[in-house]
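Below you'll find the structure, written out as structure tokens, and then a few comments.
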Amino acid sequence: MSGFVSFFRRLEGPQTVGRGPAFWSLFAVVMMIALAYPLFSDGYTVGNTVYFFVWVFIALSLCLIWGYGGSLSFGQTAFFGIAGYGYGVLTLNFGSAYGFTLVALVIAVAIAALFAVLLGYFMFFGRIAGVFLGIVTLAVTLMLERFMAQTAGPEWHIGSARLNGFNGMSAMPPLTIPWPGEPIVLFADVGLYYFVFGLLVFVYLALRILMNSSFGNVIVAIRENPERAEMLGYDVRKYQLITFVIGAALAGISGVLYTAWGQYITPSSMGMTAAALPLIWVAVGGRSDLTSTVVGTLVVLAAFQALTIYGSQYALIFMGVLLVLTVLIAPNGLVLGAMNWLGRLAARLTQRVS
Amino acid sequence: MSLLELRKLNKHFGGLHVTNAVDLTLEVGEIHCLIGPNGAGKSTLFRLILGEHHPGSGDILFAGDNITALKSFARIRRGLSVKFQVPGVFKGLSVRQNLEIALQSQHRGARLGEEIERLLVFLGLESEQAQTAGNLSHGQKQWLEIGMAISLKPRLLLLDEPTAGMSPEETHMTGAMVQRLNADGMTVLAIEHDMAFVRQVAQRVTVLHLGQVFAQGTIDQIVADERVAAIYLGQAHA
């Protein structure tokens, strides 16, 4: 029982901003609004919101590897793409009956994680660190993009799934939950919304617990001073590899959900722009905290989409400017800076009241 | 009984022979100081013992086992621990978290909390526990890192200039701390320039010069050795 309690006590801790009744009340309010939101909106808008949620997982993967672990991976999109294509190939071959799409989700994410084990082993056990880690991971994702882009010919197929080169794969079935009578097909509206939102809340809370555990302690210790961490008896390479693999799985979840959401995936999802954007969301939000990463990603994504819709072809330039401003004004992230400022303000107010 | 034994240890950096056939034996329970002019190869010797550098030839024995091929973390788990020359604390984390990271591999739950408190008191850092380690004074950072190093309950503690940048008063306190640890059974090997500290704690002293063991003995023997005085004045080959 006490183990159970101490497990959940880890929802709060030095590695995550937000604690106490005030934070969790706010959390509950946000949850209720998010759960009620589809009832007051139309299917298209809800589907669009799911699109935003889908990207949060890859943002969290960067938050984990870069923000907490201190290793900048520029190639999370590689895992996104592998899992996305994996889901496509599996479901185009085996269909969606008997809940297979959910199995495909798990298998596709596992394939991405397995690839990360291989890549991460050579990087971390080869003691590649710092900017070189970014270069290697970027090279990997660009290589995968190039490779998939030249698979247009009919000889490029896995089973009955054509890879289709630059045009990408499409027409894979959406996630489908088996149900007595009729299976529930999660098209990109209310059904998928609750599924993705549930998964997001689960992942967010699980990561809070993980980062405030002794494992999370070692991860931030490696970010602060890898030599000292090793000289406390921790096998730094092992911890870095595990973090990298968890991050790859999170990016893979994004990839599968994205593919299932739009029922298509193209090589450009592993390209330069795709690889750079998550870095901007996470940097602007505040990479060293889970909450600011989630909030920052959703805000920046919504702003980016608004810009592209309302006639500005300068949305990408705006993203670049945003990144530069963040680095200059709030290097730890704008959302995180604002959250810390609010926290200090609240502390000062409660002090004055008491 | 010897705890650490270096046998004919050699290390080259290009043409530079930084560690030259070093033989050194540390007895269980002693406080041993390593002195020598800048560039004598003291810190390199530490890095060899810790596995950050690998020797070109020679062996390192710890408690009778050959550890020459082991990775750093594996040597630490066998009972080695170190405080670096430049304080290697986790600057962005709180003092308490620094100690927690050091202690969590041995203690859990409520016991972990007690051990952290005990160590905070031992180091005189109770009132600083919520402070970010990067904001501590230089001396406090040194103590915090010593605290992290000793929290592993090592059999051999390596201290690289533990009193660098400390006032005479702080130096004396650090000396007393080392003696207390030694009284509890910890063997200590310290690199130190501060002769007051060496005189306070050292039972044996080894002088390193140009990568070689130049002299060995008690502090009084070393101080009386004219050749040692000469190398410190840069006249060894005069």
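The values are calculated or read from the model by the stated rules, or taken from the named source; none is laboratory data. All figures in this text were calculated on a predicted structure; none of them were measured in a lab. Every residue, glycine among them, receives a Cβ derived from its backbone with ideal geometry; neighbour counts consider all protein chains shown. Please note that ligands, DNA and RNA were not included when accessible areas were found on the heavy atoms of the full protein model with its side chains. Shrake-Rupley method; radii C 1.70, N 1.55, O 1.52, S 1.80 Å.
Nearest 5 is fine: what % of DSSP beta bridges in the range B:113-238 come out antiparallel, could you say? Show your work: numbers first, answer last.
Numbers: 5 of 10 bridges.
In the range B:113-238, DSSP labels about 50 percent of beta bridges as antiparallel.
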So the FRET efficiency between A:Met31 and A:Val106, C-beta based with R0 = 22 Å and rounded to 0.05, is 0.30
In nanometres, what is the gap between the two model label sites at B:Asn10 and A:Ser312, each 7 Å from Cα along Cα-to-Cβ? 6.7
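Quick one: length gained pulling A:Val324 to A:Ile135 fully straight, 0.36 nm per residue minus the C-alpha distance? Intermediate results must be reported in sequence, preceding the final value.
Values: separation 189, 0.36 × 189 = 68.04 nm, distance 2.04 nm.
Stretched out fully, the A:Val324 to A:Ile135 stretch lengthens by 66.0 nm.
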Area buried, chain A against chain B - accessible surface, total, 1.4 angstrom probe, square angstrom: 2000
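Can you tell me the length gained on complete extension of the stretch B:His107 to B:Ser2, counting 0.36 nm per residue apart and subtracting the Cα distance? Kindly include the intermediate steps, with their values, before the conclusion.
On the way: separation 105, 0.36 × 105 = 37.80 nm, distance 2.93 nm.
Gain in length upon complete extension: 34.9 nm.
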The protein assembly as shown, accessible surface, carbon-and-sulfur percent (1.4 angstrom probe): 64
Whole-angstrom Cα spans of the range B:1-85 along principal axes, big to small: 34, 25, 23
On a 0 to 90° scale, report how tilted helix B:138-150 is relative to the longest principal axis of chain B, with both axes built from alpha carbons and the result rounded to the nearest 10. 90
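Tell me, in nm to one decimal, what length is gained between B:Thr25 and B:Ser137 on full extension, where the rule is 0.36 nm per residue of separation less the Cα-Cα distance? Intermediate values should be presented prior to the final figure.
Working: separation 112, 0.36 × 112 = 40.32 nm, distance 3.52 nm.
Contour length minus Cα-Cα distance gives 36.8 nm.
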With no solvent and one equal point scatterer per Cα, compute the Debye intensity ratio I(q)/I(0) for the protein assembly as shown at 0.07, 0.08 Å⁻¹ and report its log10, rounded to two decimals. -0.54, -0.68
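May I ask you to derive the FRET efficiency for A:Ala346 and A:Val201 from their Cβ-Cβ distance with R0 = 22 Å, giving the value to the nearest 0.05? Numbers along the way, then the final one.
Working: r = 24 Å, r/R0 = 1.09.
It comes out at approximately 0.35.
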How large is the helix-only mean residue ellipticity at 222 nm for chain B, computed as the sum of -39500 (n - 2.57) over DSSP H runs with n ≥ 4, divided by its residue count, in deg cm²/dmol to the nearest 500? -11000 deg cm²/dmol
Bin by bin, in steps of 10 Å, what percent of the Cα pairs in the range B:90-135 do you find, going until the bin that has the longest distance? 31, 56, 13
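At most 14 other Cβ atoms within 10 Å plus a DSSP loop assignment makes a site exposed; report the longest stretch of chain A without any exposed trypsin sites (Lys or Arg not before Pro). Could the numbers behind the result be given before it?
Details: sites that count: A:Arg19, A:Arg127.
By the stated rule (loop sites, at most 14 other Cβ atoms within 10 Å), A:128-354.
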Of A:Pro178, A:Gly233, A:Gly252, which is farthest along the charge dipole of the range A:43-270 in the positive direction, counting Lys and Arg as +1 and Asp and Glu as -1 at C-beta? A:Gly233
May I ask for the net charge around A:Met123, where only other residues with Cβ less than 14 Å from the Cβ of A:Met123 are counted and Lys, Arg are +1 while Asp, Glu are -1? +3
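In what sequence, largest accessible area first, do B:Met195, B:Met166 appear using a 1.4 Å probe?
Numbers: B:Met195 80, B:Met166 25 Å².
Per-residue accessible area, sorted high to low, gives B:Met195, B:Met166.
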Name the aspartates and glutamates eligible as straight-distance cross-link partners of B:Lys8: C-alpha to C-alpha under 19 Å, and not fewer than 8 places from it in the same chain. B:Asp23, B:Glu27, B:Glu52, B:Asp59, B:Asp65
What Kirkwood radius, in Å to one decimal, follows from the Cα pairs of the range A:272-354? 13.7
Check: C-alpha center the range B:159-215 vs C-alpha center the range A:133-199, spacing in Å is 63
Pop a pseudo-label 7 angstrom from the Cα along the beta-carbon direction at both A:Phe122 and A:Val5 and give the gap in nm to one decimal. 5.0
Unit charges at the beta carbon, dipole of the range A:43-270: most positive-side option, A:Phe132, A:Phe202, A:Met148: A:Phe132
Run down the lysines and flag those whose C-alpha is under 21 Å from the C-alpha of B:Lys83, throwing out any fewer than 8 positions away in its chain. B:Lys42, B:Lys71, B:Lys91, B:Lys141, B:Lys153
Identify the trypsin sites (Lys or Arg not before Pro) of the range B:75-126 meeting these criteria: DSSP loop state and at most 14 other C-beta atoms within 10 Å of the C-beta. B:Arg108
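Tell me, what is the FRET efficiency for A:Val299 and B:Gln179 to the nearest 0.05, using R0 = 56 angstrom and their Cβ-Cβ distance as r? Show your work: numbers first, answer last.
Numbers: r = 57 Å, r/R0 = 1.03.
After rounding to 0.05, the efficiency reads 0.45.
Looking at the protein assembly as shown only, what percent of DSSP beta bridges run antiparallel? Nearest 5 please. Don't jump to the answer; show the numbers that get you there.
Numbers: 28 of 45 bridges.
DSSP beta bridges in the protein assembly as shown are roughly 60 percent antiparallel.
Report, in cubic angstrom per residue, the convex hull volume of the C-alpha atoms of the range A:43-270.
Numbers: hull volume 27.6 nm³, N = 228.
Convex hull of Cα atoms, per residue: 121 Å³.
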